[in-house]
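Here is the structure we will look at, set down as structure tokens.
Derivation of every value follows stated rules applied to the coordinates shown; laboratory data play no part. Fair warning: this is a prediction, and the values are worked out from it, not measured in the lab. For neighbour counting, all protein chains shown are included, and Cβ atoms are generated from backbone atoms with ideal geometry for every residue, glycine included.
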Amino acid sequence: MTDRPDPGDDLRGLLADCVHCGFCLSACPTYLLDAAEPDSPRGRIQLIGQIADAGTVTPVQAAHLDNCLGCLACMPACPSGVRYDRLIEHAREQVEEGHSRSRRERILRGFVFALFPHPARLRLIRPALWVYQRFLARLVSRLLPGVLRDMAALAPEVRNLRSGSLPALTPPTGPRRAVVGLVTGCVQRVFFPEVNRATAQVLAAEGCEVRVPRAQGCCGALSAHAGRTEEARRFARGLIEAFEDSGADIVVVNAAGCGATVKDYGHLLADDPEWADRATRFAAKVRDATEWLAELGPGAAKRPVELNVAYQDACHLRNGQGIVGQPRTLLNAVPGLELREVAEPGVCCGSAGIYNLLQPDTAARLGDRKAEQVRATGADVLATANPGCAMQIRQALRRSGSDIPVMHVMEVLALGLADQPDAEGPFSAGRRSSSR
Ligand code: SF4
Ligand code: SF4
């Protein structure tokens, strides 16, 4: 949480902050599902203490900690200000170092981390995924090994063979109000290039010169959330370096999970004398795209978008960055658009980075719950601000028989820009779809 003081790394002090009151229990998605104490924030904090005392991790302790989504919904619910984010970070590192995983888990994790943080490798599999989704999925999905079948089912839909890339510089469409750098993400840039295009389009329409450093790689979010801290630090140094000479006043991120990690670079690199100050300076410039647009204030001319739009908070935006009102304010400002709320907005959809790959059963239960709540809004489209959430909720909606499109908030905002080419996506501007 960016608005809480960083307590440092004193594990005992962090643990002692918890007074076991249980106010966090009802906010926790895994506790909501089964009401099991070891799958609650309070229970996990006790497990983390036990692990610290014993200096070892048992398989059962590892399972309950692995089952934590890292959604941080427990933090705003806690009256004692317990830094669960720091506690689970410690715990993930200990599990990663001290727990021997099954062969299946090792293969799956190895595959995920060899692929997902590497856009060049993701780009290589994109055509194969397009062919699989168009022609082979129905025929051969049953023949795939379980791990590959799960991954294929959760993979983003490849809309066309071209992934394209943003120009290194997009000029503002009117007078220049700011120079911003855009973090394009790994999965986002390869599988959701239309989201990055929409983001650049909206920023440019609002008077931003958008710079996209070519050398940028992964931000390290997946690694950081999985306890692979050294790997996360390597990625962080690379991203800072890529942006330092860009001349950007502000660095914009449009993926909530990435944004939460990048804003925390000062903590991640605090013990590195060469990088600590650079990391803190860089992190101070970082904004979520909706946060930055709200800060900048409206400038672009709008056109009507006659859509009912349900908005689902991404956990790393709502709980990780405290960004709740800004996306809603921006969507509400689009003429003709009716914003609808999804029930339990603070409850995770089950995506949580790569959680839906590693814990598919719990993730599917949370996804089904979320899909039902989205359908109950009667909205034409669901908007969210994270690629993982988009993939997870789209998949859950399909399982439920719904074809409600899922869009990034920036794609919806791009629909509402006057004097702009239509953004790619399931809707053209100004058209309300048939009622759902
Ligand atoms: S984490 Fe906070 S809300 Fe939960 S039991 Fe501990 S003190 Fe209470
Ligand atoms: S991070 Fe989310 S899943 Fe984990 S204990 Fe907190 S509320 Fe529960």
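Tabulated results
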item: Positive minus negative residues near Gly346 (Lys, Arg vs Asp, Glu; Cβ under 10 Å); result: -1
item: Two-decimal ratio, region 301-415, of alpha-carbon radius of gyration to 2.2 N^0.38 Å; result: 1.01
item: Top of Leu136, Leu65, Leu357 by mean-square fluctuation, Gaussian network on the chain, Cα under 10 Å; result: Leu136
item: In degrees, nearest ten, helix 119-131 long axis to first principal axis of the chain (Cα); result: 70
item: DSSP-defined antiparallel bridges as percent of all bridges, region 149-305, nearest 5; result: 15
item: Helix axis angle, 84-98 relative to the chain longest principal axis, alpha carbon, degrees; result: 60
item: Cleavage-rule hits, trypsin sites (Lys or Arg not before Pro), region 274-369, DSSP coil, Cβ neighbours within 10 Å at most 16; result: Lys285
item: Intensity falloff of the chain expressed as log10 I(q)/I(0), Debye formula with alpha-carbon point scatterers, at q = 0.06, 0.09, 0.14 Å⁻¹; result: -0.24, -0.55, -1.41
item: Within the chain, percent of DSSP bridges classed antiparallel, to nearest 5; result: 10
item: Among Gly43, Gly416, Gly220: highest mean-square fluctuation, GNM of the chain, C-alpha pairs under 10 Å; result: Gly43
item: Relative contact order, percent, the chain [alpha-carbon distance under 8 Å, six or more residues apart]; result: 15
item: Listed residues Ala226, Ala390, Ala52, most fluctuating in the chain (Gaussian network, C-alpha, under 10 Å); result: Ala52
item: Kirkwood Rh in Å, taken over all unlike Cα pairs in region 11-98; result: 12.7
item: Alpha carbon centroid spacing (whole Å) that separates region 84-136 from region 288-323; result: 29
